[in-house]
Every structure is written in C-alpha cells, then in structure tokens.
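The next block holds one structure in the form of structure tokens; read it before the comments.
The values are calculated or read from the model by the stated rules, or taken from the named source; none is laboratory data. Note that the structure is a prediction, hence the values are computed from the model and not measured. Neighbour counts are summed over all protein chains in view; Cβ atoms, including those assigned to glycine, are modelled from backbone coordinates with ideal geometry. To get the accessible areas, we keep the full protein, side chains included, count just its heavy atoms, and leave off ligands, DNA and RNA. Shrake-Rupley method; radii C 1.70, N 1.55, O 1.52, S 1.80 Å.
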Amino acid sequence: MPEQPWENEFESFDRWNPDTAEVLDDLLRALRRKKGFGLFFVQCNPAQGTRVINAIQKRFPQKRLVEFELNRQSETLYGELLERYQGEKFEIACVTGVEQALYAYEDTKRLAGWSSEEIYNYSWKGLPPLLGHLNRQREAFEANLPIALIFLVPSFAIDYFVQRAPDFFDWRSGFFKFVESKEDIRKACQELVGKEYEEYLSLTSEERIEKILEIKDKIILLDASDYERKSDLLREQGLLFESDGDSSRALDCYDRAIEIKPNYYYAWHSRGNILINLERYEEAIENYDRALEIEPNHLKTWKNRGSALINLERYEEALESYDRALEIEPGAYLFWMFRGDVLSLGRYEEAIESYDRVLEIKSNYHYAWRRKGFLFYQLGKFKEALICFAKVTKIQPSEDRVWNNQGYLALVQYSYGLQPIYEKPLLIRQTQDCSDGQNILEIDLDLCEKSLQLFDTALNLDSKLTLAWANRSFPAYYLQQYQSALQNCDKALKIDPENEEERNEVIYTNRGCILLKLHNPTAALKDFTKALEIDPKLDEAWIGHGTALYQLERYPEAIDSFTQALNLNHPLAQTNLMLTRQHLES
C-alpha cells in the first residue's frame with residue numbers, strides 16, 4: 001500500500017498504540033472523504049480527545065477547526081454553532097463536554113452502576129434538554145452547517161445518545177472508539193482508588209457521578225482476569241455512591257466486589273458501614289466479623305464493630321472489640337476514648353481510668369479532659385471536675401460550653417447539692433422563709449463574682465447559649481443584681497420560647513424568685529404557675545408559688561402550695577406552712 005502524504009506527520013504522535021493508531025487512521029480517512037455536513041462520534045477519554053483534535057489539525061492544516069466546549073448548564077448547541085459558523089466559516093467543529101450536561105440528570109446515576117444489558121432493558125424516563133434539542137434540530141444541522149461535526153465523548157455519553165437521542169445518533173457518518181493501552185488503564189486505575197470516604201463527602205453530587213462513570217469505564221476496559229483492580233474499583237464506586245446517599249447502589253458495588261474477590265476485606269468492611277447507616281446492626285456485625293476473619297488487625301473494623309454493638313446495647317461485647325484493637329495497637333488513644341465512653345454509662349471510675357490512658361498518650365486531647373470533667377461532676381467531685389474543665393478552656397479557649405460548665409460547677413452545690421441535674425440551669429434557692437426571716441443558705445459571693453465572669457466569657461463566644469444566660473441569673477440574684485438577673489432570664493426565654501431545650505421550668509422559677517425580690521408577687525405567681533405546668537414536681541416552684549400567694553394574702557391557696565412543697569421535702573415548707581396557718585388563725 002503506497003504511503004499516504006500525512007503518515008509521516010502521524011508518526012510524530014508516538015504515544016498512539018497500534019489499535020488506536022488504526023482508529024485514528026479510519027477517522028482521518030472518513031473526514032477527508034466526507035463532503036458537506038458530516039456527523040461523527042468519537043468515544044474517548046479527555047486526554048485522548050485532546051490528542052485526536054491535535055491530529056486532525058495536523059492532518060488538515062488548510063481547514064479551519066474550532067473547538068466547542070459544553071458545560072453543566074448547556075441545553076442547546078445548534079444556535080451557538082450557527083452563529084459562530086456565520087462569523088468564522090470553519091470546516092470542522094469538535095464538541096467536547098457533552099457529559100457535563102448529563103451529570104445532573106437522574107438517569108446518569110442509574111447508568112453509572114449498570115451493565116450494558118441492564119441499560120438496554122431500562123425504561124428511560126425524561127430527556128436531558130441538550131439531547132432533546134439535538135433530536136429536534138438534526139435536520140437544521142444538515143441544512144445550514146456544511147461542516148464536519150465531531151462529538152468527542154466518554155462511553156456513558158454514547159449510551160445516552162443511543163437511548164435518548166437515537167434520531168440524531170442515527171444520522172452519524174461514523175463512530176470511532178479509542179481504547180486505552182493496558183498500561184494507561186492500569187495507571188488510571190491506580191489514580192482512581194485509595195481515596196477516603198471523607199474526601200468524597202466534600203464533592204458535589206455531580207462531581208461524584210463524574211467519578212463513578214470514570215470508574216465504570218475503567219472496569220469495562222480491564223481484562224476479565226484482573227480481579228484485584230476490578231474489586232478495588234468497585235469498592236471505590238461504592239464509596240462514591242455511599243457518600244452521595246445512595247445506599248442501595250453502594251451495596252450493589254460492594255456485593256459485586258465480593259463476588260469477584262470473596263476475601264476482599266475492604267469490601268466486607270465497607271458493606272458493614274452501609275448496614276450500620278441503615279440501622280441493620282446485626283448484619284453489620286456479621287460483615288465486620290467476615291472482614292476480621294480475613295484481616296484481624298484492621299483497627300477501623302474493630303472500631304465500627306464496637307459502634308454496632310453499642311447500638312444494640314451489647315456494651316460488654318463492644319468493650320471486647322475495643323480491647324482487641326488495643327492489643328493490636330496499645331497507643332491507639334481513640335480506642336481508650338471509645339472504651340471510656342462505654343464505661344461512662346455507669347462504671348465511672350473505670351471510665352476515668354480509660355480517659356487517663358488517653359491523656360498519657362495525648363495530654364492535650366481536650367475531649368478526654370471534658371469527659372473526665374463530666375464524670376467527676378456525676379460523682380459529685382466538683383473540684384476535680386473544675387480542674388478538668390479549666391484544662392479544656394486552656395487547650396480550647398473557644399469552647400463556650402466549657403466556660404459555662406466551670407461557672408456552673410463552682411455554684412452547683414448551692415443549687416442542687418450533691419445531685420446536680422445534667423443540662424439544667426442553676427436553680428435559684430430562696431434563702432428566707434415567706435416572712436423574710438433568717439437565712440437558711442449562706443453562699444460564697446466571691447464564687448458568684450467569678451462565675452459571672454465565666455458565664456460572660458461563654459456568652460461572648462456564643463450570645464445564643466441559652467444555658468449560660470439562664471445560669472447567669474443565679475449569681476446575679478445572690479449578688480442582689482436583680483434587674484440584671486431578670487434580664488438574663490428574659491434573654492434565655494426569648495432564645496427558646498417553645499422550651500425545645502427543656503429548661504424553661506427552671507428559668508420561670510428563677511424569674512419568679514427574682515420578681516419576689518422586686519416586690520412583684522403578682523408577676524412572680526404567673527411565672528411559678530408556668531414552671532409548674534411544665535414540671536409539677538419542682539419543689540422550688542411550689543415554694544415560690546406559695547410565697548407569692550402568701551404575699552398576696554391568699555393564705556388558703558398558699559397552704560396548698562406549701563403542702564405540695566412539703567411533700568417534695570423542701571426545707572422551707574414546714575416553716576412556711578406554720579407561718580401561713582398563724583395568719584389564718586389571727
């Protein structure tokens with residue numbers, strides 16, 4: 001066969017393998033022979049597309065070639081091409097980016113994970129705007145654009161043209177498929193795998209679908225015997241579906257990976273993760289157990305297995321999972337942390353020991369200091385708790401709740417004694433009986449001053465921290481800053497008027513106590529009533545309710561309220577009952 005005049009130029013593209021060189025040869029020959037309008041489809045990856053365009057320019061230097069790149073917003077092509085043609089009179093137009101206009105389309109997700117047979121049998125619904133446009137304008141292209149129109153697209157876009165734009169696709173003058181070399185495929189596969197689930201969460205849904213389709217192309221191109229790479233790619237595809245919230249397709253990918261490679265522990269592990277998200281904990285544990293049979297030293301699997309067991313309230317078994325991980329890696333401080341969290345459900349001293357092990361390894365791990373602080377708090381060891389929370393604020397000075405907790409712990413003994421109520425504000429305790437007699441409570445005013453500063457620091461960091469506003473009213477009350485204390489309660493109620501945080505019974509009680517000090521028993525009575533509507537067993541609200549009635553000289557009703565407080569063992573109830581009865585008898 002005589003040498004073609006362009007063959008020497010073609011030889012400069014030394015990266016073309018024999019198969020792709022032959023396809024390029026066919027394409028260039030078809031372009032040379034075609035007169036008038038010609039429609040060509042080239043299946044290739046982006047890098048190959050760039051090289052194909054360069055080869056066309058080198059082969060036909062006398063012809064004007066334009067590149068036309070579509071994007072995710074593209075819905076039309078004919079009008080844009082015609083306008084440009086009228087100004088430039090080009091002979092060849094190479095269109096890229098068609099796939100960008102398809103990524104957001106729902107059917108692309110289905111297509112991404114399906115085999116050719118499944119795609120063929122699928123009842124396609126709807127129509128991407130760009131493809132609908134091409135179908136409608138196919139005759140206009142031929143009538144008004146005497147050019148070679150070349151679409152350079154990936155394989156999934158060809159599937160779309162076949163299924164959703166058949167009228168346009170059937171007008172083609174040629175279809176040319178470029179296959180990647182085995183070495184390029186292996187290299188591309190290597191670049192596609194090994195990502196973390198968290199990395200995929202940062203992508204948009206369309207970016208994930210783009211990756212999924214890229215992986216699908218590589219799976220198709222791999223040799224049937226290349227089980228390792230296929231299983232790796234399927235797991236990666238599963239992670240992408242999982243990060244996109246599509247658990248069903250993610251499971252399908254993991255199942256296919258396991259079908260190819262039954263001992264692929266990453267796929268068993270990933271399958272377990274999906275099942276946890278679906279709250280199918282027993283099945284998740286079975287998958288983790290299978291993964292650990294294959295790779296017993298995989299720490300993440302031990303961790304997630306423990307999480308599944310916790311959800312089933314099988315705490316001892318969860319501890320065993322964490323202990324097994326620590327046998328493998330004693331310095332894995334997070335497992336000491338997980339262990340402490342399980343033990344903190346009731347075995348406080350042991351939990352503190354686990355958190356101490358965390359801090360031996362990572363002394364500035366503020367989460368461990370915080371958890372220790374809460375446990376000391378639960379044990380009534382407020383000084384130890386304060387030390388822990390002070391450590392947290394030193395490490396993490398932006399932790400608003402920890403500043404609040406320090407102020408709370410400094411004063412909690414005056415509010416709840418040795419049985420503080422978690423996540424409830426400090427409850428103001430009336431220090432005098434209903435006749436303003438002798439104080440029954442002596443409070444450290446220096447501590448009140450220090451706590452005010454701590455609550456203010458928390459509120460400077462988060463001005464909508466309801467708990468800090470409510471807590472601030474407590475020391476302000478005892479420092480006789482009644483107007484300030486009242487404003488604190490009002491602020492807390494304004495932030496959470498519907499009581500979503502379930503604290504308003506304390507806030508209404510505190511406001512009632514403050515209003516009594518401001519000599520407004522009528523308003524105070526309303527607040528105590530609101531508090532008792534929320535919590536009928538709040539002793540301080542009953543004492544305040546009775547005191548307000550006493551000051552309003554409604555003595556029989558006051559006796560009823562003080563009797564309720566007596567039944568709840570309030571220390572002022574007996575005295576108040578006696579005083580009220582004396583008024584009735586006099």
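For the stretch 379-404, give me the residue count where each residue is under 20 Å from Thr466 (Cβ atoms), assigned to a helix (DSSP H, G or I) and open to solvent by 20 Å² or more (accessible area, probe 1.4 Å).
Selection size over the stretch 379-404: 3.
So, restricting to helices (runs of 4 or more DSSP H) that lie completely within the stretch 132-204, which ones have at least 2 residues that are basic (Lys, Arg)?
Counting at least 2 such residues, we get 182-192.
Would it be correct to say that Ile212 is in contact (Cβ under 8 Å) with a residue 40 or more places away in the chain, touching a Gly at 6+ places or on another chain (Cβ under 8 Å) and within 22 Å of Leu251 (Cα to Cα)?
In short, yes.
Among the residues of the stretch 504-516, is there at least one that is without any contact (Cβ under 8 Å) to a residue 24 or more places away in the chain and either open to solvent by 50 Å² or more (accessible area, probe 1.4 Å) or within 33 Å of the chain's Cα centre (by Cα) (or both)?
No, the conditions are met nowhere in the stretch 504-516.
Can you tell me which condition Pro536 does not meet? The list is (1) modelled with pLDDT of 95 or more; (2) in a helix (DSSP H, G or I), and all the others hold.
(2)
Sort through Ser231, Ser248 and tell me the only one that's open to solvent by 10 Å² or more (accessible area, probe 1.4 Å), under 26 Å from Trp302 (Cα atoms) and not in a loop (DSSP other than H, G, I, E, B).
On inspection, the qualifying residue turns out to be Ser248.
Kindly indicate which of Leu552, Leu525, Leu518 is among the aliphatic types (A, V, I, L, M) and over 27 Å from Glu498 (Cβ atoms).
Result: Leu552 is the single residue among Leu552, Leu525, Leu518 that is among the aliphatic types (A, V, I, L, M) and over 27 Å from Glu498 (Cβ atoms).
Within the stretch 181-206, work out how many residues are closer than 21 Å to Tyr103 by Cβ and free of Cβ contacts under 8 Å to residues at least 12 places away in the same chain.
4
Restricting attention to the stretch 56-69, and to residues there that are among the basic types (Lys, Arg) and assigned to a loop (DSSP other than H, G, I, E, B), which single residue is least open to solvent (accessible area, probe 1.4 Å)?
My answer is Lys63.
Go through the stretch 516-532 and give me each residue that's outside any helix (DSSP H, G or I) and either in contact with a Phe, Trp or Tyr (Cβ under 9 Å, 6 or more places away or on another chain) or on the phi < 0 side of the Ramachandran plot (or both).
Leu518, Asn520
Looking at this structure, is Val162 more than 25 Å from the chain's Cα centre (by Cα), open to solvent by 30 Å² or more (accessible area, probe 1.4 Å), modelled with pLDDT under 85 and not small (Gly, Ala, Ser)?
Judged against the criteria, Val162 is not a match.
In the set Ala318, Ala267, which member is under 21 Å from Phe241 (Cα atoms) and of a type in the set (Gly, Ala, Ser)?
Ala267
Only residues that are assigned to a helix (DSSP H, G or I) and hydroxyl-bearing (Ser, Thr, Tyr): list them for the stretch 70-104, please.
Result: Tyr78, Tyr85.
Using the structure shown, decide if Gln564 is open to solvent by 60 Å² or more (accessible area, probe 1.4 Å), modelled with pLDDT under 95 and either in a helix (DSSP H, G or I) or not acidic (Asp, Glu) (or both).
Spelling it out, it is not the case that Gln564 is open to solvent by 60 Å² or more (accessible area, probe 1.4 Å), modelled with pLDDT under 95 and either in a helix (DSSP H, G or I) or not acidic (Asp, Glu) (or both).
Might you let me know whether the stretch 308-317 holds any residue that is of a type outside the set (D, E, K, R), open to solvent by 40 Å² or more (accessible area, probe 1.4 Å) and closer than 17 Å to Tyr265 by Cβ?
no
Quick one: which of Glu320, Glu293, Glu259 is at pLDDT below 95 and open to solvent by 70 Å² or more (accessible area, probe 1.4 Å)?
Glu259
Considering only the stretch 464-484, I want to know if a residue exists there that is closer than 21 Å to Thr529 by Cα and among the aliphatic types (A, V, I, L, M).
yes
With the structure loaded, tell me whether Pro475 is loosely packed, with under 15 Cβ neighbours inside 10 Å and either under 31 Å from the mean Cα position of the chain (by Cα) or modelled with pLDDT of 90 or more (or both) or whether it fails that test.
no
Is it true that some residue in the stretch 425-438 is modelled with pLDDT of 85 or more, surrounded by fewer than 22 Cβ atoms within 10 Å (Cβ to Cβ) and within 26 Å of Gly346 (Cβ to Cβ)?
no
Hey, could you check the stretch 518-530 for residues that are in contact with a helix residue (DSSP H, G or I) (Cβ under 6 Å, 6 or more places away or on another chain) and farther than 14 Å from Gln487 by Cβ and say which is most open to solvent (accessible area, probe 1.4 Å)?
Taking the candidates together, the pick is Lys530.
Please find, within the stretch 27-47, the residue that is modelled with the lowest pLDDT out of those that are open to solvent by less than 10 Å² (accessible area, probe 1.4 Å) and of a type outside the set (A, V, I, L, M).
Applying the filter and picking the extreme gives Gly38.
Among the residues of the stretch 485-501, is there at least one that is closer than 22 Å to Tyr416 by Cα and open to solvent by 40 Å² or more (accessible area, probe 1.4 Å)?
yes
Does Leu345 qualify as being farther than 19 Å from Glu282 by Cα and open to solvent by 10 Å² or more (accessible area, probe 1.4 Å)?
yes
Of a type in the set (A, V, I, L, M, F, W, C) and at pLDDT 85 or above: is that true of Phe151 in this structure?
Criteria met by Phe151.
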